[in-house]
Structure formats: structure tokens, C-alpha cells
Amino acid sequence: LSLVSRLTSTSPLNNTMSTSNLQSKETVATKTAQGAADMTRRMVCGGLAGMIAKTATNPLDRIRMLSQTGEHGSSPGTKLTPFQLYRSIIQNEGILGLWAGNGANLLRVFPAKSIVFASNDFYRGCCGYVYYGSNEKYLENAGVLPWSLSFLSGGLAGMTASAATYPLDLARGRITGKLAGAGGKKHYKGIVNTVVVTAREEGVKALYKGITPTLLGAMPYEGIKFATVGILEKMFPKEKTNTKDGCGGGVASNVTRKVVFGGAGGVMAGILTYPNDTVRRLLQLQGSKGTTEHFEGYWDCVRKTYSKFGIERFYRGAFINIVRMAPNTAIQFGSYELLKQLTEGYS
């Protein structure tokens, strides 16, 4: 019996099976490691793309925020033009005032955009698998999805990022949405100070003021943005003659296409979701230093704002927002595509 056991255990068939099982486990482990590395690469690329775009367009964003919140030093309800707001910032805070809150913005943007772009790719992959029946067919079709699935994946990505980074968004809103007081005295001194002061004076729960409209707005905002890009990619598909580095001419260039399509998506999303964004900014500022307005919730804010100022109040700063969104989103999508191409071999 022992002889039979030895012969069986050393038979070529058993050795082959053992080798096959070992290779299978190594393949699974390798694919898992590669998948994790690729996800990390996409997150870093997404975060850096967001930081580049936000820094480039922060002056426009500062003007838009002050117009939206009305915290620009003038009497309540006073409407100032973008140029008047620009001049007011320069007079009160100097040229660097145009980038006030940019540090807080970058701390928020890197994780937020990392999550948005990486999770959008993940959700798109899941939707593609369900829609085409396999990942291979999804990739064979260049990752193109119907606009409804692009909307769904983008919306879910936006909600995921917003939920994960909301306290940073609130801190950035309070820093950027207020003009310095007399003598250039600022209400908050950086993102850490804002978070600490808010939690100490208003409670930890205050760090989530305005999260309801933020999550409600994240779904359509990112959904519209990514869906618009998806529709345009379907209307203007990549040419087969495109070069390996994605820098072919005309619509063949991946980076150029992403810049144009991303800009269009940003403008479309900004126009349709702007009133909701105004409400969330007003909710974020309530209870902060120098702000006396108080709301019981989302719909109370809508009702009080409308009864006091009318429908126009929800669209203050909308023009400058459109002007800002086109380059901001274009740079985001273009930078993300470029960084992905440059780091292709590192995952």
C-alpha cells in the first residue's frame, strides 16, 4: 500500500496538476496586484488633474463664490458685477486674495478627483460588463456606453467622492465664500483652523451642513458631465489611425478630444445644477462667523431665499461659473488623459 501511495504521489499526472494549481494561484495574485496598481495610478492621475485645473481657474471660482454667497462686504442683497467683485478682492486682500482658499481646495480636490475619476472608471467597467456581457466585449467597443449608463457611472462616482470628502468641501466653502473684514482680517485661517473652529463652536455635526444638497447635486452634476463626454465620444469616435501616444491630428488626439468634450460636459452640468449649488453654499455658510442667516434645512433655505430675493438669487454668479467651468473641466479631462498616457507602463 505504501508503495502504491508513493507511486501515486510522484506520478506525472499529480505533478502536472500541482504545477497547474500553483500557476493558477500565481496568475490570480498577479492580476489582483496589477488591478490594485492600475487603480492607484488612475487615482493619482485624477487627483493631479483636479489640482492643476482648480489652481488655474481659482480666481474665477473666488469671484463666483462671493457672488453666490453674497458675503462680499456690501449690504445684504446687493448685487455686484464680476469686475466689481474682482476689484473688491484686490482692495481688501491683494492679488493673492484671488487664490484665497486654494490650499484648502487642493487638499479637497486631490482626494475628491482621485475618487471621482478612478471610481467612474470602476463603475463604467461594471456597467460595461453588464451591458456587453463581458469585459472583453466592452473593451472591444472602446469602452463606449449608452449615455444613460455614462450618467449612472458618473453620478455614482460624484456621490462617492462627495460623501468621502465633504468636511473639506465645507471648509473650502467657508474660506472662499467670505470676503475679509476691515483691515484685511480673515474670518478663518486655513483649512485645519476652519474645521477645528467649526467643530468647536458649532459641533462636529456642523461639518456636514449642506451635505444633502451636495449629494443630491453630485449625482446629476457628475452624471451630466460624464454623460455629455460619453455622448460626444460616441458621436466622434477615435480614428483607427491614431498614434500610439494619443497625439494624432484632429479628433484623433485623445487629449484634445478629452479637453473639448470635458469642457462641453462641464458647461452643461454647471448650467443645469447651479441653483442647487447656490442652496448648498448658503447652507454651508450658516452659523459661520459674520453670517446671521439661519435655515432649518434644504427646503427652508429654498423657501426663504426665494421669498426674500426671488428666483434670480439662485442664479447669481451663474455667468462667471459658466466661464469658469469650460476651462476647468477641459483641463481636468485633458490632464487626466495625458497623465494616464504618460504613466501607462507603470501599473
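Protection proxy ranking for 114-125, 296-307, using the average of other Cβ atoms within 10 Å per residue and placing the highest first: 114-125, 296-307. In order along region 90-105, the phi-based Karplus estimate (6.51 cos²θ - 1.76 cosθ + 1.60, θ = phi - 60°) of 3J(HN,Hα) comes to 4, 5, 8, 10, x, 4, 5, x, 5, 10, 4, x, 5, x, 5, 5 Hz; Gly and Pro are listed as x. If you take all other residues with their beta carbon under 13 Å from the beta carbon of residue 264, and give Lys and Arg +1 and Asp and Glu -1, the sum is +2. Averaging the sequence gap over all C-alpha pairs within less than 8 Å and six or more residues apart, then dividing by the number of residues, gives region 257-321 a relative contact order of 35 percent.
No value in this document is a laboratory result; all are computed from the given coordinates. Please read all numbers here as calculations on a predicted model, not as lab measurements. Quick reminder, even Gly has a Cβ in these numbers, built from the backbone with ideal geometry, and neighbours come from all protein chains shown.
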